[in-house]
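Undergrad: Okay, handing you the structure first.
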Amino acid sequence: MVDLSSAPVPADPRNLDLRRAGAKAVLVGPATPPPLPFEVIESKIHVPPLLAGTVSRTALVNRLRAAGAFPLVLVVAPAGYGKTTLLSQWANRDVRPFAWVSIDECDNEPVTLLRHVAAALDRVEPIPASALEPLSLARKSVRTQALRRLAEAMTSRQSPFVLVLDGADLLTRDSIASVAALVEHIPAGSMIVLSGRVLPELPVAALRAGGPLLEIGPYELALSRREAEMLLRAARVELADAEINELVEHTEGWSAGLYLAALASRAETGVETGRPQDILSVTGADRYFADFFRSEYLSWLAPDRLTFLRRTSVLEMMSGPLCDAVLGQKGSTLELAALEAANLFVVPLDRHRGSYRYHHLFRELLRRELEEREPELVPVLNQRAADWFEAQGDAESTLEYSHAAGNEDSTARILSSIAMTVSSAGRVTAVESWLDHFDDEAQLHRYPAVAVEGSRIHAFRGRPDKAEVWLAAAERGVPTNGKDSATRACIDVVRAAMCADGPDRMLANTESALAELAPEHPWHPWALVVNGAAHLLLGEDDRADRVLATAAEASDRLGRAESRTLALSERSLLAAGRDDEEAENLALEAHRLIEDGELDAYATSALDLAATARALLRHGQWDEARRQLTITQRLAPSLTHAIPWLSVQVRLELGNAYVTLRDRDGARGLLAETQEILRLRPSLGVLGEQVARLEAEIDAMPQAVGGSGSGLTRAELRLLPLLSTHLSFREIGERLFVSRNTIKTQAISVYRKLGVSSRSDAITRAGELGLVEGTAGGASPPITGDVQSAAS
């Protein structure tokens, strides 16, 4: 560090002249400051002008304007993140004056740097001549004296200012030492800003610990969704909200990346405005990005570092040990740290600098270069990664890299072993993406364990044709010599669940499967659930409940939330006829599992969601019940004849709920869907009888007034429970905060819709329909004068 010990500073001759001249000096003095006693490059000491159409970084600028307590600000990010633009916008909006120096290689001579700093500060407020004099000398020996005087002149300033050194990462050790000395003498309220692609060679760690330090990096500089939309619009690219979000995610908010993607899309289409499908398909290997990365970074790197970058680009996530294993060498931990320090589009994934990843676009270019230069290494590197992850016990990563290596045997083995666990944990879409690798008849025949996993997924996702194709492939692929009996048992479970041959065959298939599957097998809980459903279809409710209870326990033991949810929902359905409290407790337990496991988009959750709606109706929570019914109906595409018994059960629950709500059209629509499933799968045991009863109830519903199928309105449903009390219309109105006449009008409307002519008959009919509790078949409440007049 340069010694800046105090020493007397001579008075500024320029100031003395002004004092002697007094008022006259103001009148005849020059309009600009006197010339400096040394030469500087004027263009380096001016705030860069803002270009038209530049995206305003309002949030960041406001944050910097409010950061007066930070004497030092570091703005560090790779090229193209808008560092200079941000600082220029700040300079244009801050009340403090800005002294600006654009750094280049010439500033690595400390005196040259100090001259430009002094010149920039002098433009803000004249610097004493005594501080400028040492800088006019060409001798290196005057650097210490010049630095000391400049620092003291800066410290003595009364008005706050901001000094920006843009490109400070270009400075070498001697010049950085001078900057560090200036930082130590920054007066209160003023700031020094160092901007560059990498951290300057300052003791940043000590600065962080020792005092206020504001750091702005790639994360803060990344454009928001709104800012990205403004940039794209300026580039004449119009996208929908979802497409903007996708592009921002892919470019990681990198402003240069967004602009290059817009340019690439326009060049590809040959039109002035990029089309969404073009811009969203642009990758980091596109020539615009390739040219940028090569000119700004790759062309300057040593061959060994380029090789490291290309070969590690096969990795989604990098760590020192993983890169060592993939590359077959040592020292990757240090290399990754060096890449991060160089800000080479390497993103740390934890605070301990243990794992990293490349920027998406940068990685895409590196992977393209690897495939072009060393294509024979791609499967080798991926297989090494797969071996490393398997040794770490990371099955999912092993699967991904095995597939990338072209190792189908390993991919199939791992997929069949983890598919049930992953899908049961609310990540069925991940399993579907893995299954896509095997969507070929020859591969399915070769890997029956994968085929049966896919068949189950397709069936419960409502794809009967695909489920059947995959199941048939699994059946053909299983050895006929008795080997692989577990896969054969899984086939039996899926065949039973699809219930193409009726509940008796369904029961036989599951009994056969349970005889083969050990209690710890991933499919064992599912075999129990389907077995319990078979007993339910056969009308063996007690037996079904016991089996389903066992299924719930087995699912809990193995951590299978999906099968446990369905087992509890089926038990809730069975309990509804004999113990409503138990039914609601079981449904509530299932509902918690659905929420905790994020299973609300699963067809297996629909039964509980429908049962929950019915429970809400029993408690008079009409609005919440309707919301729940709407949520449940969103699962209809997954509720097909692929799993017919479940699809019919859900629609029966929904249909009964709509009957309760007096929604005749809604109930009839569900009935029609149910009957279509029964047409395709006619042998569903007791469910056929339940569908017939639902049809009879719908037929018995009174016709809605005016042809509307909505039945009772929300206000009328809210009124019903109060009609069963001794309250008069006036008292009911007071409770509902409406007038007596409003209640009277609503009551008459209720009578018409229920096909009755009095309050007592309305309560009786509502009880029969389950709209109110405890009145069906019971005595009617006393009728007051108000009611008699309304009924007449």
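The values are calculated or read from the model by the stated rules, or taken from the named source; none is laboratory data. Since the model is a prediction, treat every value here as computed from it, not as a measurement. Neighbour counts run over all protein chains shown; Cβ positions are idealised from the backbone, glycine included. Side chains are part of the model used for accessible areas, which takes the heavy atoms of the whole protein and leaves out ligands, DNA and RNA. Shrake-Rupley method; radii C 1.70, N 1.55, O 1.52, S 1.80 Å.
Undergrad: So how many Å³ per residue does the convex hull of the Cα atoms of region 259-395 work out to?
TA: Cα convex hull per residue, to the nearest whole number: 135 Å³.
Undergrad: Next question. Label residue 184 and residue 736 with points 7 Å out from Cα along Cα→Cβ: what is the distance between them in nm?
TA: According to this spin-label approximation, the distance is 8.1 nm.
Undergrad: Which value, in Å to one decimal place, does the Kirkwood hydrodynamic radius take for region 300-357 when every pair of different Cα atoms is included?
TA: Hydrodynamic radius (Kirkwood, Cα pairs) of region 300-357 is 11.3 Å.
Undergrad: Residue 105 label point, 7 Å along Cα→Cβ, cut-off 18 Å on backbone N: hits in region 278-310?
TA: Output list for this probe position: 295-302.
Undergrad: Based on the mean of other beta carbon atoms within 10 Å per residue, what is the order of 143-150, 714-721, 678-685, 401-408, most packed first?
TA: For the peptides 143-150, 714-721, 678-685, 401-408, the packing ranking is 143-150, 401-408, 714-721, 678-685.
Undergrad: Using the beta-carbon distance between residue 243 and residue 51 and R0 = 25 Å, what value does 1/(1 + (r/R0)^6) give for FRET efficiency, to the nearest 0.05?
TA: Efficiency, rounded to the nearest 0.05: 0.45.
Undergrad: Taking all protein chains in place and a 1.4 Å probe, what share, in percent, of the accessible surface of the chain do carbon and sulfur account for?
TA: Exposed carbon and sulfur together represent 51 percent of the surface.
Undergrad: Report the antiparallel proportion of the DSSP beta bridges in the chain as a percent, rounded to a multiple of 5. Please list the in-between numbers first.
TA: Working: 5 of 25 bridges.
Percentage antiparallel, nearest 5: 20.
Undergrad: Continuing with this model, one more query. Summing -39500 (n - 2.57) over the DSSP H runs of n ≥ 4 in the chain and dividing by its residue number, what mean residue ellipticity at 222 nm do you reach, to the nearest 500 deg cm²/dmol?
TA: -18500 deg cm²/dmol
Undergrad: Still on this structure, please answer the following. First measure r as the distance between the Cβ atoms of residue 557 and residue 287, then evaluate 1/(1 + (r/R0)^6) with R0 = 51 Å and state the FRET efficiency to the nearest 0.05.
TA: For R0 = 51 Å, the calculated efficiency reads 0.35.
Undergrad: About the Cα centre, and with charges only on the beta carbon of Lys, Arg (+1) and Asp, Glu (-1), how big is the dipole of region 593-633? Nearest 20 debye, please.
TA: Roughly 320 debye for region 593-633.
Undergrad: Describe numerically, in nm with one decimal, the distance between label points set 7 Å from Cα along Cα→Cβ at residue 330 and at residue 347.
TA: Label at residue 330, label at residue 347, 3.3 nm between them.
Undergrad: Mark the label point 7 Å from the Cα of residue 430 along Cα→Cβ and return the residues of region 577-615 whose backbone N is within less than 20 Å of it.
TA: 593-605
Undergrad: Hey, another quick one. Please state the charge dipole magnitude for the chain, taken about the Cα centre, from unit charges on C-beta atoms (+1 on K and R, -1 on D and E), reported in debye and rounded to the nearest 20.
TA: 2880 debye
Undergrad: Then there is this: Multiply the residue gap between residue 125 and residue 92 by 0.36 nm, knock off their C-alpha separation, and tell me the result in nm, one decimal place.
TA: Result: 10.1 nm gained on full extension.
Undergrad: Could you tell me the calculated FRET efficiency between residue 505 and residue 280, based on Cβ-Cβ distance and R0 = 51 angstrom, to the nearest 0.05?
TA: Using R0 = 51 Å, I get an efficiency of 0.55.
Undergrad: State the extension gain, in nm to one decimal, for the chain segment bounded by residue 338 and residue 485, taking 0.36 nm per residue of separation less the distance between their alpha-carbons.
TA: 47.6 nm
Undergrad: Okay, moving on. Only four residue types carry charge here, +1 at the Cβ of Lys and Arg and -1 at the Cβ of Asp and Glu. Report the dipole size of region 538-691 about the Cα centre in Debye, rounded to the nearest 20.
TA: 520 debye
Undergrad: Report the gain in length on full extension from residue 749 to residue 215: 0.36 nm times residue separation, minus Cα-Cα distance, nm rounded to one decimal.
TA: On the way: separation 534, 0.36 × 534 = 192.24 nm, distance 6.79 nm.
In short, 185.5 nm is gained.
Undergrad: Skip the ligands, DNA and RNA, and give the accessible area per residue of the chain with a 1.4 Å probe, whole Å².
TA: Averaged over the residues of the chain, the accessible area is 44 Å².
Undergrad: Which residues in region 631-666 place their backbone N less than 12 Å from a point set 7 Å from the Cα of residue 680 along the Cα-to-Cβ direction?
TA: The answer is 637-645, 647-648.
Undergrad: A further question follows. Which value, in Å³ per residue, describes the convex hull spanned by the Cα atoms of region 341-485?
TA: On the way: hull volume 22.9 nm³, N = 145.
Convex hull of Cα atoms, per residue: 158 Å³.
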